[in-house]
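The values are calculated or read from the model by the stated rules, or taken from the named source; none is laboratory data. Note that the coordinates shown come from a computational prediction; the quantities given were computed from them, not determined experimentally. Cβ placement follows ideal geometry from the backbone for every residue including glycine, while neighbour counts extend to all protein chains displayed.
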Amino acid sequence: MLIDSHAHLEMREFDEDRDDVIRRAKEAGVDTIVTVGTNLRDCRKAIAIAGQHETVYAAIGIHPHDVKGIDEKTYSLIRKLAGQPKVVAYGEIGLDFFRNRSPRDVQIRRFGEQLELAAEFGLPVIIHDREAHAETLEILMGWKGKKGGIIHCFSGDAAMAGKCLDMGFYISIPGPVTYPKSEKLLEVVRQVPLDRLLVETDAPYLTPHPYRGKRNEPAYVVYTAKKIAEIKGLSLEEVGEATSRNTKAVFGIV
Ligand code: NI
């Protein structure tokens with residue numbers, strides 16, 4: 001049993017074969033998938049997909065790439081979506097100082113606003129942090145949300161992971177842990193206790209070895225979980241059981 005804690009099934013990359021992708025995940029033992037909308041259109045699509053598939057849940061929020069498009073109507077529309085069935089988290093929200101598709105000052109302001117929205121909705125958050133570790137930590141430390149959340153696609157070092165754990169966050173490990181030269185991420189996996197780890201694909205992106213270079217899909221989260229089992233000297237079953245339990249706990253999935 002495994003849960004892909006973060007995929008983007010609503011993206012157009014899956015328009016042709018979405019049902020097959022979900023079926024292949026089930027066949028691979030991935031019995032739950034959280035699909036994460038990144039803009040209003042995709043959030044609606046994510047909720048619709050969750051409505052059609054018992055094993056799929058949705059997260060909603062405006063991705064840092066897209067926050068430059070937030071206008072006076074966006075948050076009232078988001079408010080309506082937050083109350084829909086199977087919405088289990090707010091995100092992914094945060095900072096991306098690698099691509100900088102939205103100006104940094106706008107990203108910081110919208111991150112703060114969306115953290116407040118998550119607190120208002122009583123939802124856990126899914127945090128995107130790319131090359132913005134210090135700023136992300138600083139903002140999260142000032143957040144008063146009670147539901148905690150996940151640092152998705154964790155890319156910091158073990159010291160940063162420790163700070164996130166201290167704040168009550170879970171750490172989600174993506175496919176690149178299976179790549180050569182992923183020593184920093186391996187060290188994070190060694191240091192973070194099993195009861196605080198999640199696994200994810202971020203599909204269609206970040207495909208693990210041996211499918212690197214192809215489109216990612218939730219079934220491949222098995223390779224990430226196998227690598228974590230190897231690093232921690234555990235069985236795949238133990239990693240699957242623990243990460244599934246953690247994912248259900250943070251998202252409140254029964
Ligand atoms: Ni993502």
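Quick check on segment 124-131. Is at least one of its residues part of a loop (DSSP other than H, G, I, E, B) and of a type in the set (A, V, I, L, M, F, W, C)? Full working, then the answer.
First, the residues of segment 124-131 that are part of a loop (DSSP other than H, G, I, E, B): 124, 131.
Now drop any that are not of a type in the set (A, V, I, L, M, F, W, C), which leaves none.
Scanning segment 124-131 turns up no residue that is part of a loop (DSSP other than H, G, I, E, B) and of a type in the set (A, V, I, L, M, F, W, C).
Just give me the residues in segment 121-165 being of a type in the set (Val, Ile, Thr) and buried (at least 23 other Cβ atoms within 10 Å of the Cβ), in sequence order.
Here is the first cut: in segment 121-165, the residues of a type in the set (Val, Ile, Thr) are 125-127, 136, 139, 150-151.
Within segment 121-165, VAL125, ILE126, ILE127, THR136, ILE150, ILE151 qualify.
Mind listing whichever residues of segment 190-211 are surrounded by 15 or more Cβ atoms within 10 Å (Cβ to Cβ) and charged (D, E, K, R)?
Correct list: ARG196, GLU200, ASP202.
Name, by its number, the condition in (1) more than 23 Å from ASP31 (Cα to Cα); (2) crowded, with 23+ Cβ neighbours inside 10 Å that does not hold for GLU187.
All conditions pass for GLU187, except number (2).
Go through (1) surrounded by fewer than 20 Cβ atoms within 10 Å (Cβ to Cβ); (2) of a type in the set (Lys, Arg); (3) touching a residue at least 40 places away in the same chain (Cβ under 8 Å); (4) assigned to a helix (DSSP H, G or I) and name the single condition ARG215 misses.
If we test ARG215 against (1) surrounded by fewer than 20 Cβ atoms within 10 Å (Cβ to Cβ); (2) of a type in the set (Lys, Arg); (3) touching a residue at least 40 places away in the same chain (Cβ under 8 Å); (4) assigned to a helix (DSSP H, G or I), just (4) comes out false.
Residue under question is PRO210, and the condition is that it be within 29 Å of GLU10 (Cα to Cα), modelled with pLDDT of 95 or more and either within 16 Å of the ligand (Cβ to nearest atom) or among the hydrophobic types (A, V, I, L, M, F, W, C) (or both); does it hold? Give the steps one after another, and end with the answer.
On the way: within 29 Å of GLU10 (Cα to Cα): yes; modelled with pLDDT of 95 or more: yes; either within 16 Å of the ligand (Cβ to nearest atom) or among the hydrophobic types (A, V, I, L, M, F, W, C) (or both): no.
For PRO210, the condition - within 29 Å of GLU10 (Cα to Cα), modelled with pLDDT of 95 or more and either within 16 Å of the ligand (Cβ to nearest atom) or among the hydrophobic types (A, V, I, L, M, F, W, C) (or both) - is not met.
Could you list, in sequence order, the residues of segment 75-104 that are more than 16 Å from the ligand (Cβ to nearest atom) and of a type in the set (Lys, Arg)?
ARG79, LYS80, LYS86, ARG104
Taking segment 137-194 as the search range and keeping residues that are without any contact (Cβ under 8 Å) to a residue 60 or more places away in the chain and of a type in the set (Phe, Trp, Tyr), which one is farthest from the ligand (Cβ to nearest atom)?
TRP143
Among the residues of segment 1-30, which ones are in contact with a strand residue (DSSP E or B) (Cβ under 7 Å, 6 or more places away or on another chain) and either surrounded by fewer than 20 Cβ atoms within 10 Å (Cβ to Cβ) or charged (D, E, K, R) (or both)?
Within segment 1-30, MET1, ASP4, GLU10, GLY29 meet the criteria.
Please state which of the following conditions VAL88 fails to meet, knowing it meets all the rest: (1) farther than 21 Å from GLY175 by Cβ; (2) assigned to a loop (DSSP other than H, G, I, E, B); (3) β-branched (Val, Ile, Thr).
Answer for VAL88: the failing condition is (2).
When only residues in segment 31-44 that are touching a residue at least 24 places away in the same chain (Cβ under 8 Å) and surrounded by fewer than 24 Cβ atoms within 10 Å (Cβ to Cβ) count, which is farthest from the ligand (Cβ to nearest atom)?
Looking at the filtered set, the residue picked out is ASP31.
Of everything in segment 195-207, what is in a loop (DSSP other than H, G, I, E, B) and either away from the ligand (no atom under 16 Å from the Cβ) or closer than 17 Å to ILE3 by Cβ (or both)? Give them in sequence order.
Initial filter on segment 195-207 (in a loop (DSSP other than H, G, I, E, B)): 200-207.
Answer for segment 195-207, where residues must be in a loop (DSSP other than H, G, I, E, B) and either away from the ligand (no atom under 16 Å from the Cβ) or closer than 17 Å to ILE3 by Cβ (or both): GLU200, THR201, ASP202, ALA203, LEU206.
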